[in-house]
Amino acid sequence: MDISVIVPLYNEEESLPELAAWIKKVMDEHQFSYEVLMVDDGSTDKSWSIVESLHNDNPCIRGIRFRRNYGKSAALNTGFEACEGNVVITMDADLQDSPDEIPELYRMIKEDGYDLVSGWKKVRYDSKLAKNIPSKFFNWTTRKMSGIQLHDFNCGLKAYRKDVVKSIEVYSEMHRYIPLIAKWAGFNKIGEKVVVHQKRKYGVTKFGLNRFVNGYLDLLTITFTTRFGKKPMHAFGVWGSIAFLVGLVCAVWLIVAKLVHQSHGVPFRQVTDQPLFFLALLAMVLGFMLFLAGFLGEMIARNDPDRNKYQIAKKI
């Protein structure tokens, strides 16, 4: 099968028939073999009934329904597990992502050899205050922290080689950082394509400003877990050792200074009367706690059933 299109959806009953017809038109024009996986994330409207009707009219359209709302990451991860196409396309169900982009995204994966191609909505029709300005700041920060030069990490329109989606796991709200997750899984050829952003035709957006706060917390989480998930001592142990040594050196210096002054009959303050002594003790305690956290992390990692699970590119 050439292409799997994964469409996470939540209360998008108005747009689904039009989206399905649009995808079918593009696929038929280019003679792609395809499947469309519509993942209903616990919709409370008639979305699932429409998915069932679309499946009856076109067997290439398949559906997965959650019992309740779990979020976009859960919908995408479930779609990744179920898809069968050699190239996987993800797009939102609200008609703001254009299926006309599919042929070029497919070509970039198959002919240009990209592992992942992310859409870039260079011209947007969202509110500048609510989305555009926060989105630009969010993407700038993510570029600096990840080293991946994409302009629109959160664009729902992306294309992947099948190996990529079968090798990664998306959970919580990590769908924003799929390029980063893919990079840490060993897929380094990540490209970008300017795509058309359509004005919302039906319904209202399902995302609020709180997604940007959650987004930064998720960025810190994914950065730490990908770098230190298997070696927590490398993070906690280093900083713990530094803090402990700084505190120890300060405490020893204060004690030695007191003894020197005392031996020469010079007036001196008691060590315990000096604020630096308590800061030194605090640093030593924090350093010990960080080191202990790293040790406990190593013990947990040692018992992780996936501790020796690595991404294998090829076998002969």
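The values are calculated or read from the model by the stated rules, or taken from the named source; none is laboratory data. This structure is a prediction, so every number in the text was calculated from the model and none was measured. With ideal geometry, Cβ positions are generated from the backbone for all residues, glycine too; neighbour counts draw on all protein chains shown. For accessibility, only protein heavy atoms count, side chains too; no ligands or nucleic acids. Shrake-Rupley method; radii C 1.70, N 1.55, O 1.52, S 1.80 Å.
The stretch between Asn69 and Asn86, if pulled fully straight at 0.36 nm per residue, gains 3.3 nm over its current Cα-Cα span. Cβ-Cβ distance of His55 and Asp2, R₀ of 22 Å, FRET efficiency by 1/(1 + (r/R0)^6): the value works out to about 0.65.
Less than 5 angstrom separates the built amide H of Glu192 from those of Ser118, all sequence-distant by 5 or more or on a different chain.
How would you classify the stretch 1-90 from its alpha-carbon gyration tensor, with a ≥ b ≥ c the square roots of the eigenvalues: rounded for a/c under 1.5, else prolate if a/b is greater than b/c, otherwise oblate? Oblate, since a/c reaches 1.5 and b/c is not below a/b.
The order of Arg107, Arg269 by accessible area, most exposed first and with a 1.4 Å probe, is Arg269, Arg107.
Top to bottom by accessible area (1.4 Å), largest first, where do Glu101, Glu52 land? Present the calculation step by step, with values, prior to reporting the outcome.
Numbers: Glu101 20, Glu52 90 Å².
These residues rank, largest area first, as Glu52, Glu101.
Here the gap between Glu104 and Val246, fully extended at 0.36 nm per residue and compared with their Cα-Cα distance, gives a gain of 45.5 nm. Once both labels are positioned 7 Å from their Cα atoms along Cα-to-Cβ, the gap between Glu29 and Trp253 label points is 7.1 nm. For the stretch 136-143, backbone phi angles converted through the Karplus equation (6.51, -1.76, 1.60; θ = phi - 60°) give residue-by-residue couplings of 5, 5, 4, 5, 4, 4, 5, 4 Hz, Gly and Pro being listed as x.
Of Lys72/Lys162; Lys166/Lys201; Lys110/Lys199; Lys136/Lys201; Lys72/Lys231; Lys24/Lys201, which pairs sit farther than 27 Å apart, going by alpha carbon to alpha carbon?
On the way: Lys72/Lys162 19 Å; Lys166/Lys201 33 Å; Lys110/Lys199 30 Å; Lys136/Lys201 24 Å; Lys72/Lys231 29 Å; Lys24/Lys201 19 Å.
Violating the 27 Å Cα-Cα cut-off are Lys166/Lys201; Lys110/Lys199; Lys72/Lys231.
Counting 0.36 nm for each residue step from Lys166 to Val196 and taking away their Cα separation leaves a gain of 8.0 nm.
The alpha carbon gyration tensor of the stretch 25-156 gives principal lengths a ≥ b ≥ c with a/c of 1.5 or higher and a/b no greater than b/c, which makes the shape oblate.
Put Asp100, Asp92 in order of accessible area, largest first, 1.4 Å probe: what do you get? Display every interim value, and only then the final one.
Numbers: Asp100 90, Asp92 30 Å².
Reading off the accessible areas and sorting them downward yields Asp100, Asp92.
Would you mind telling me the share, in percent, of accessible area of the stretch 51-96 contributed by carbon and sulfur at probe 1.4 angstrom?
Summing carbon and sulfur atoms, their accessible area is 40 percent of the total for the stretch 51-96.
Please give the FRET efficiency for Ser263 paired with Met145, using the beta carbon to beta carbon distance and R0 = 51 Å, rounded to the nearest 0.05. Intermediate results must be reported in sequence, preceding the final value.
Values: r = 52 Å, r/R0 = 1.03.
Efficiency, rounded to the nearest 0.05: 0.45.
Computed with a 1.4 Å probe on the full set of protein chains, the accessible area for Glu173 sits at about 60 Å². Here r is the Cβ-Cβ distance between Leu296 and Lys189 and R0 is 45 Å; the resulting FRET efficiency, rounded to 0.05, is 0.75.
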